[in-house]
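The values are calculated or read from the model by the stated rules, or taken from the named source; none is laboratory data. Here the structure is a predicted model, which means the values were calculated and not measured. Note: ideal-geometry Cβ built from the backbone for every residue, glycine included; neighbour counts use all protein chains shown. To get the accessible areas, we keep the full protein, side chains included, count just its heavy atoms, and leave off ligands, DNA and RNA. Shrake-Rupley method; radii C 1.70, N 1.55, O 1.52, S 1.80 Å.
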Amino acid sequence: MAHTDAHAPGEPALAHIQALPSWLLNRASARGRRLVSDALAQDGLRMPHHAVLSAVADLGPVAQAELGRTTGFDPKDMVGILNDLQAQDLVTRAPDPADRRKNAITLTEGGRRRLGRLTELGDEANEALLSALSPAERRLFLDLLARIVDEG
């Protein structure tokens, strides 16, 4: 099979790569992570803390193992995240009444307030990420991204 150039004649190879959807999505994703990470750091927490607080708010009281499966965090990482959250009195970790061998994680009132603050900070960061788009463009962009994600 003959080899053909995938980019236009005279177009620099790097310029071709940097125009690919996969490259642009990666760059946009990195910018989004940086913006959200910086925003959450204003409140002293990281994205995994926000994700776990959100999951506990939705599922709590929830078994620690189920929380790990739901969020996709490695069990060792989950222990560290929960230790951080418990040290700040944002969650409680107590034996599950249904199975004393398991821990049940519950959001404290302080955790609920903190989750609200983190959500605001995350929303502001995402607003900054999409600030170059009009409201209609944002809706279209998010719809198109969801379609791409749902294909996978």
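Worth a mention:
- Inspection of the range 75-98 identifies no residue that is more than 18 Å from R46 (Cα to Cα), modelled with pLDDT under 95, under 21 Å from the mean Cα position of the chain (by Cα) and among the basic types (K, R).
- All of (1) within 17 Å of the chain's Cα centre (by Cα); (2) in a helix (DSSP H, G or I) hold for S22 with one exception: (1).
- Within the range 8-30, being within 25 Å of A128 (Cβ to Cβ), exposed (fewer than 12 other Cβ atoms within 10 Å of the Cβ) and not aliphatic (A, V, I, L, M) holds for Q18, P21, S22, N26, R27, S29.
- Helices (runs of 4 or more DSSP H) contained entirely in the range 44-152, each with at least 3 residues that are open to solvent by less than 30 Å² (accessible area, probe 1.4 Å) and under 19 Å from R31 (Cα atoms): 109-129
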